[in-house]
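Below is one structure, written out as structure tokens; comments come after it.
The values are calculated or read from the model by the stated rules, or taken from the named source; none is laboratory data. Everything quoted here is computed from the prediction, not taken from an experiment. Here Cβ is always computed from backbone atoms with ideal geometry, including for glycine, and neighbour counts include all displayed protein chains.
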Amino acid sequence: MPRPVLGHAATVAAAGLFAVNGTVSTLALQAGLPPTRLTALRCVGAAVGLLAVLAVTSPRSLRLSWREVPLLAAFGVVGVALTQFLYYVAIGRLPVGIALVFEMTAPVFIALHVWLVRGERVRGRLWAALLLSLSGLVLVAEIWRGGGSLDPLGVAAALGAALCLAAYFLLGERGTTTRDPLALTCWSFVAAGLFWSIAAPWSDFDAALLGTSVPVSIGSLRLPLWVLVGWIVVLGAIVPFCLSVAALRHLPPTTAGLVATVEPVFASVVAWLWVEQVLSGWQVLGGAVVLVGIGLAQTARAPAAPASVPETPAPLSS
């Protein structure tokens, strides 16, 4: 039987792990690991881990038909590979919390898509969601400061990640009608890993870089880069994704998505305490306004909830 308390706990735990992953990923990027390579390592590592889990627990769920391949390829390349890459570009140039606020506007794009493209009926709250989200982003960017206080490329990457994340939800909504969510997530990481293996061949990667000792902003502590990458793969991808999938057994997708909006709050606090990324008062206010808009957008679709798969903000950040 559904246990809402367990579902809420799993969703909050996943959001917390995704939030910590943002700061850990920032440290890896600052250590000299390019966004393309970090994305490839996360995708391939998560694919291997999820394949191993499903091979033991549910091998039948891994069966594929050729008819599914185009959807899984688009889902993995656009929804996973590009979302994560653009997110890493964004957090390399923006505070983690701000990058997530921009990326989490995906539900607004989803609601607009189903209204304009699919012709679905949407509730009037969509317009309030759009207005709040745009107003909040204006405050977050502080555009009155000579055209904005944020890096333009970082903002563009974060908004690009939002569009790709919207595609992730829309494609995943179709995929989960015929396939188990965890198996769908697994194959999406496989597709993303294959994409990056072609786009950024492993022959060009100097594996010795993973042995580099890097500062982690905890006193004078230094760790090998491979430890950070291991964290990003296991605790920044496999575990939170599994928690998100488990939560969907106890909560409706819309409810899980709304609970998951705590991620940018967690991410901002972690980044502030860990690497001293301080947000201005206007940016905090703007982020709060955007989250309210996202909450409205999550419930703007009249026929059904906007998301059926377990990435925030309703994970890739992320």
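See the values below:
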| read-out | value |
| --- | --- |
| The listed residue being more than 12 Å from residue 186 (Cβ to Cβ) and at pLDDT 90 or above, out of 40, 47, 52 | 40 |
| Residues of segment 204-217 that turn out to be surrounded by fewer than 10 Cβ atoms within 10 Å (Cβ to Cβ) and either closer than 16 Å to residue 26 by Cβ or hydrophobic (A, V, I, L, M, F, W, C) (or both), as a count | 2 |
| Given (1) crowded, with 21+ Cβ neighbours inside 10 Å; (2) in a loop (DSSP other than H, G, I, E, B), index of the condition residue 22 fails | (2) |
| Some residue of segment 228-240 being in a helix (DSSP H, G or I), within 30 Å of residue 134 (Cα to Cα) and among the β-branched types (Val, Ile, Thr) | no |
| Any pair with Cβ under 9 angstrom, 6 or more apart, that starts in segment 135-162 at a residue that is on the phi > 0 side of the Ramachandran plot and surrounded by 14 or more Cβ atoms within 10 Å (Cβ to Cβ) and ends at one that is of a type in the set (Gly, Ala, Ser) and at pLDDT 80 or above | 142/280; 142/286 |
| Any hit, segment 249-271, residues being modelled with pLDDT of 85 or more and surrounded by fewer than 17 Cβ atoms within 10 Å (Cβ to Cβ) | yes |
| Restricting segment 95-132 to residues that are part of a helix (DSSP H, G or I) and of a type in the set (D, E, K, R), the residue that is nearest to residue 156 (Cα to Cα) | 103 |
| Residue identified as farther than 29 Å from residue 223 by Cα and among the aliphatic types (A, V, I, L, M) among 89, 5, 48 | 5 |
| Single residue of segment 185-203 satisfying the filter (among the small types (Gly, Ala, Ser) and within 20 Å of residue 52 (Cα to Cα)) that is surrounded by the fewest Cβ atoms within 10 Å (Cβ to Cβ) | 197 |
